[in-house]
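Report on the structure given below.
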Amino acid sequence: MNPVSDSDLHSVRLSGLGHGVVTYALFPLNFFGALVFASVGLSQDWSPGLILVSVTLFTMGVVAIIERIHPEYPAWNQSRGDVGVDAIHGLVSMVALPKLLELALHTSLLVVATRLAQQTGSELWPHAWPLVAQLIVAMLISQFGEYWIHRLSHTTPLLWRLHATHHSPHRLYFFNAGRFHPLDTAIGYGLGIVPLLVLGAGPEVFVLHSTWIGVHGLYQHCNIHLRLGPLNYVFSMAELHRWHHSLILEEANRNYGNNLILYDLLFGTFFHPSDRDASESVGLADMPDFPQDYLGQLASPLRWPGG
């Protein structure tokens, strides 16, 4: 059997009704379907771990398949020896480290949350609100801190040393959504979750919060031809995020939102030109020789050029 060429990959792109459904409806259906599934699971007292693993594996399977038949850029489907590195990053920065941080922060901040509630004479978190409203509040709060640390990571040299790892791939596909230096992950995750813990958000909120982030993250980096239309003013999805990985600095220093694009709209960093799509060329323009192995990326902040 002959290997599949770029032109062959172009030829298998969906057409007609299938094209429209995948392009415009795949992400909303998967995203909102995952939140409904998680909500039902919570109402049935399912294990949070079971809910999150089920949602993640299902979404990974869907995205992995659709990337092959409906890609944004067929060339991004070709491995560049990066799958193994991205697998390690995913396990460390998206699975192990968040779990460790969550356990440590839950334990250490429980006392803080309790004392604050006692001093104010009431609960700080709106537990009586519908769960969907609590989720929206959680996202608005957590994404504010993540927006600013992400923006500072592009403008502060020391933080950029950590964040550069995320911008080092030469293609975008769902599996490198977790390519982060562990310290970069710890800072961003901590700033997002600490306010929720201090305010006393319940465990069900964290399950839905993790579901949102997990599904959104896989689609944000996916190599699928997606167009969200008006939803681009809500989500910081692939159509917008590809600009953030541009080789051109003026384009890359935009669209900082990790899950919501709201703060980019409010603070003037939203970027979505109507006359063209984001380029296929991504990466670090000024550091073409950035390490592409895990240990090299782990040590990169200490081996910074000129530093």
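The values are calculated or read from the model by the stated rules, or taken from the named source; none is laboratory data. Computed from a predicted model, the values in this text were never measured in an experiment. Reconstructed Cβ throughout: ideal geometry from the backbone, glycine too, with neighbour counts over all protein chains shown. Calculation scope for accessible area: heavy atoms of the full protein, side chains included, ligands and nucleic acids excluded. Shrake-Rupley method; radii C 1.70, N 1.55, O 1.52, S 1.80 Å.
Within segment 201-307, report the trypsin sites (Lys or Arg not before Pro) that DSSP leaves as loop and that have at most 12 other Cβ atoms within 10 Å. If you can, show how the numbers build up before the last one.
On the way: sites: Arg227, Arg242, Arg254, Arg276, Arg303; in loops: Arg227, Arg254, Arg276.
Of the trypsin sites (Lys or Arg not before Pro), the ones in loops of segment 201-307 whose Cβ has at most 12 other Cβ atoms within 10 Å are Arg276.
Checking understanding here: applying a Kyte-Doolittle mean of at least -0.5 and a length along the axis of at least 30 Å (C-alpha), which whole DSSP H helices in the chain pass? Provide the component values of the computation, followed by the final result.
Values: long enough: 48-69 (32 Å, 1.82); 97-120 (33 Å, 0.73); 131-155 (36 Å, 0.76).
Membrane-span-like by this criterion, though nothing is claimed about a membrane: 48-69, 97-120, 131-155.
May I ask for the net charge around Tyr189, where only other residues with Cβ less than 10 Å from the Cβ of Tyr189 are counted and Lys, Arg are +1 while Asp, Glu are -1? The partial results should precede the final answer.
Details: positive: none; negative: Glu102, Glu146, Asp184.
Local charge sum for Tyr189: -3.
So what is the relative contact order of the chain, in percent, for Cα pairs below 8 Å that sit 6 or more residues apart? If you can, show how the numbers build up before the last one.
Details: 383 pairs, mean separation 75.5, N = 307.
Relative contact order of the chain: 25 percent.
Per residue, how many Å² of accessible area does the chain show with a 1.4 Å probe? Could the numbers behind the result be given before it?
On the way: 14620 Å² over 307 residues.
For the chain, the solvent-accessible area averages 48 Å² per residue.
Please give the direction-averaged projected area of the C-alpha convex hull for segment 181-257, in square nanometres with one decimal. Show your work: numbers first, answer last.
Numbers: hull surface 26.2 nm².
Taking the Cα atoms of segment 181-257, their convex hull projects to 6.6 nm² on average.
So what is the calculated 222 nm ellipticity per residue for the chain, using -39500 (n - 2.57) for each DSSP H run with n of 4 or more, over all residues, to the nearest 500 deg cm²/dmol? Before the final figure, lay out the partial values.
Working: 14 runs with 173 residues, N = 307.
Result for the chain: -17500 deg cm²/dmol, rounded to the nearest 500.
Using only Cα positions of the chain, each an equal point scatterer, no hydration layer, compute I(q)/I(0) via Debye at q = 0.10, 0.16 Å⁻¹ and quote the log10 values to two decimals.
-0.57, -1.46
Excluding Ala285 itself, calculate the net charge of residues whose Cβ lies under 13 Å from the Cβ of Ala285, where each Lys or Arg counts +1 and each Asp or Glu counts -1. Kindly include the intermediate steps, with their values, before the conclusion.
Working: positive: none; negative: Glu250, Glu251, Asp286, Asp289.
Result for the local shell: -4.
When the accessible area of the chain is computed with all protein chains present and a 1.4 Å probe, what percentage of it is carbon and sulfur?
Numbers: 9980 of 14620 Å².
After summing per-atom areas, the C and S share lands at 68 percent.
What does the highest-first list of 68-74, 124-130 look like by mean Cβ count within 10 Å?
Details: 68-74: 19.3, 124-130: 12.6.
Packing order, densest peptide first, comes out as 68-74, 124-130.
Around Arg161, what is the net charge, scoring Lys/Arg as +1 and Asp/Glu as -1 over all other residues with Cβ under 10 Å from its Cβ? Kindly include the intermediate steps, with their values, before the conclusion.
Values: positive: Arg303; negative: Asp184.
With Lys, Arg at +1 and Asp, Glu at -1, the neighbours total 0.
Would you list Thr56, Thr120, Thr185 from the most to the least accessible area, probe 1.4 Å?
Details: Thr56 55, Thr120 75, Thr185 15 Å².
Sorted descending by solvent-accessible area, the residues read Thr120, Thr56, Thr185.
How large is Rg/Rh for segment 47-87, to two decimals, with Cα atoms and a Kirkwood Rh?
Details: Rg = 13.1 Å, Rh = 11.9 Å.
Using Cα coordinates only, the ratio equals 1.10.
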